[in-house]
Structure formats: structure tokens, C-alpha cells
1. What residues have an amide H closer than 5 Å to that of Tyr32, excluding those fewer than 5 places away on the same chain, when H is modeled at 1.01 Å from N in the peptide plane?
2. Under 14 Å from the Cβ of Arg313, count the other residues' Cβ atoms, weight Lys and Arg +1, Asp and Glu -1, and hand me the total.
3. Can you tell me the order of 56-65, 373-382 when each peptide is scored by its average per-residue count of other Cβ atoms within 10 angstrom, highest first?
4. Pop a pseudo-label 7 angstrom from the Cα along the beta-carbon direction at both Asn96 and Val240 and give the gap in nm to one decimal.
5. Could you check the spin-label model distance between Asn62 and Glu294? Points 7 Å from the Cα along Cα→Cβ, value in nm.
6. How big is the gap, in Å, between the Cα center of the stretch 175-198 and the Cα center of the stretch 237-300?
7. Jot down the radius of gyration and Dmax of the stretch 39-194, Cα atoms only, both in angstrom.
8. Remind me, what semi-axes does the stretch 268-380 give for its equivalent ellipsoid, largest first in whole Å, using sqrt of 5 times each Cα gyration tensor eigenvalue?
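Please treat every number below as a calculation from the coordinates, not as lab data. Predicted model only: the values in this text are computed from it and were never measured. Note that we place each Cβ from the backbone using ideal geometry, even for glycine, and neighbour counts take in every protein chain shown.
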Amino acid sequence: MPTSHLEILSALVGSANCISGEADTAGYTKDYRGIYQGKALAVIRPADTAQVSQVMAYCYANDIPVVPQGGNTSLLGGAVPDASGSEVILNLSRMNRVRSVDAVNDAMVVEAGVTLKQAREQADAIERVFPLQIGSEGSCQIGGNLSTNAGGTAVVRYGNMRELVLGVEVVLPNGDVWDGLRALRKDNTGYDLKHLFIGGEGTLGIVTAVVLKLFPKPHSVTTGFLGFKTPAHALAFFTVLRERVGQDVVAFELISEAALDLVLAHLSGARPPLAVKSPWYVLVELASSRSLEEMENDFYELMQSGLEDGTIRDAAVAKAEAHAIEFWRIREEISDAQTRAGGSVRCDISVPLSQIPSFIAEASASVLEIAPDARMVIYGHVGDGNVHFNPLRPGSESANEFLARAGAAINNAVDALAMKMQGSISAEHGVGVAKRDELLYVKSRVELEMAWRVKQAFDPKNLLNPGKFLPHRNLIKDLKP
């Protein structure tokens, strides 16, 4: 990078926030799991929207590619530079102010660098809830949550990030700023442009601030851990639970026996949640404006019926907040336990709810044909059809050996089955680099061409997060319509 570029960028954000040199940028150029590693010409850390605008305008005028980055918790390589050494990382972690809170309108304006945990705590301070819940809440940032349309454990009641955003502020590739920070539930004045940036993985613009939708804090919360023989039994219980308590169901998390065993092996102090072991478990959370007694009576009646007819093998309900935290800690540590164990093929798929039992059975059979000793680490959000299907290496094989031998075949088999069942190959983790070229096999030419036209309209030079999210356009022309 010419010295003049560094000097100018340093002048825009301050020398301490224009970081260069391979050693100093190393912490920004590797992804969360250590799988994707690139090189950066510089890491730029702006303090506000004006600095983002100035940096983007300069990079656009000088044809410098820019990779937006928040907490860098992406699992698919979407927030790290490529290996060319030609890209600048624009890290938004300094932009971490809560700009305003409106309890009457149930809305809050936060900057992109605010962590999810900070946003949730700010809402809690005014007796409101920002309901997005994911295990990385302490490090992931709101801008990244928006750019990947994050899901998490409460989607069954509140929806994905797309449903939780009222407005956005965006810096476009050429440095123009769009102030779309409108905290409105109704605005029927044309294209709802914010949705182009939600789930766009930073390829169309840099989200610098967001209007988040808040909800009243529930009066009553109860958390239970249940054991089941099969996913079909778990899904049947979910159906009757929703029929009985409706939107009181906040989370319904399926966990395989292998996933639980992995957490118990790697999480210090973790204890089995139930006395009776089961092939499958479910973590349930209910929240309501009703009294706790009324809500728990419904829950207990349904559990008792399930225990009597054999649908449920064992069950426990948290009697204190600390007990509920133990239950949730088990669920939230599954991802990190896999990372520590190494050698996990992470498939993030969604299928219609009715297809979940069949998908798990057929996908498991396919994987065990490829790798008979694989540990079937399966978990996910049954209430919204999202299954994290992550076969793990057998204990007798190293991570590198397992992934080299079976990783691609497992990923292809699982994703092909999801598509056969009218599902998706990425439910909530996005596309990044890992799933980019797979879109050639699951999207039509018409759909990918439309996406490229949108990309070109906003970023005609293809300087913003290049090589992510969209397959190269030359590969699209020969696809079927």
C-alpha cells in the first residue's frame, strides 16, 4: 500500500486507529474458528459515521477494496480479508454508543459496534427485551447481527434479525450516507431499502447504526429440560405446547445425546440435566404476561401427559434463575465444545418443521455411510426448522484427517438432502466464503443475476467485501434459468 494512502487514512481516523503490518493486524485477519486466514493492507477503526464516510469515499476513489468487520464471530469467513493483501479491514468496534432509547415506542438506536450483550442489557435497564439470543452475545456486534440476519434461540416467538430492525443508517461504497433511522412500524412510501442490507453481509454498504425493536419484559419465565426418544416425539410435544400456550413459547432447542456428552466433557462444572439419559433432549423456555402459576400449570399438565404416554422420558423444570442459567449454559456451549474438540463438519440447514425428523434420520444415515464412527452432534431451533447438523470426528481420528477424508462428502450429502426437502443450506450463519460457490447449485441463474444487479447498482466497482456472498458472475451465465 503506498505510503500516501496510509498517511491519508491515518489522518482521517488517527494514527492509533490505522493499523498496518502483518503482526499488528493478525488479530483481525483470522476468523473465529481459525479456518479462514487472510492478509490486510491496514485495519481502519473509525469513531463515527462521518469517519466511515470519509474512509469509504477515499477507498472508492482510489479503488481500494474494503472488508467490513464487527466482532469477527462469523463461522463462514465472511468478515476476513482474502490472501491477496490488497484489502482494507473496516472494523466498527469503536462505534459502540447507544444513541437513544424510547420506552414508549419500544425502540432503541444503537451504533453498529454495540455488542449484542450491551444491547440486551440496555433494554433490560428500561424493563424491555431485545430478544435476539445467541451464544456469542458478549463479542458479536449488532452490525454483524444485522448483516448476517442472525437468528438464534428466540426466533420461534420474535423472528430473525430482519423482524427486529425498524431502521438503519448506512454508508454506501462511494461514501454517501443514507439516514434511514426511522423508528416506524408503518411507512408505505416505496421500496423498504433497509432489507437489502439485512442479510447482505456487508456487500452493499456499511451499516453504522440501527433502530432496534424492543418488547415488554414478560412477567413470568420458566425453563425446562426434557428427554425424548426421537425427534418426532419432540416435534409432537412442540405442536401440542404451541396449541396450548401459543406465543408463550420463546425457545424450543433440540439437542442430541452426542451433543450433550460433548458439552459435559468440555465444559468445566457441567452436570447432566436429567437423571435419565435419552437419545434426544429439548430445552424449553416459556415467557408470558400471565402469572407464573398459570403458565407453569399448563406446562406441567402437558409434561405429565407426555411422561404418562411415553412421549417424554424424563423432565426437569428450573426452580431458580441459577438453575435456568445452568440449562442454557449447556445449550450455548455446544458450539465452543465442538471448536475445542476439533474436526466438526458444520452444516447449518433449515427445512419445514414437518420434515425435521425425516431430515435428521436420512442425513444421519448418509453420514454414517461416509464415516461410520462419526459422532452425531445435532442441535438446533426446532420451532423455526433450523438444524445445526454437525457430525464430529471419531475419537480415533485427528481433525485434519477426518475433514480431509470426509468433510466435503458429508457437507454435500447434508446440503443436498436439505434442498431435496425444500430447505436451505444456510439457515442463520449466512454465506461468506464457505457457502458462496455452493449457491451455484442451489440458486437459479435468474435469482443470482438479480442479486448481482443489486450489487452493481450499489457497488459498481465491486470494492465492498469482494469475493463474499455471491459466486463470481462468470460462473452464473451457464446455469439453468
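1. Correct list: Ser74.
2. Details: positive: Lys229, Lys277; negative: Glu257, Glu308, Asp309, Asp314.
Here the charged neighbours net out to -2.
3. Per-residue mean Cβ counts within 10 Å order the peptides as 373-382, 56-65.
4. Computed distance between label sites Asn96 and Val240 equals 4.8 nm.
5. 6.4 nm
6. Between the Cα centre of the stretch 175-198 and that of the stretch 237-300, the gap is 37 Å.
7. Final numbers for Rg and Dmax: 16.1, 49 Å.
8. The three semi-axes for the stretch 268-380 are 29, 19, 14 Å.
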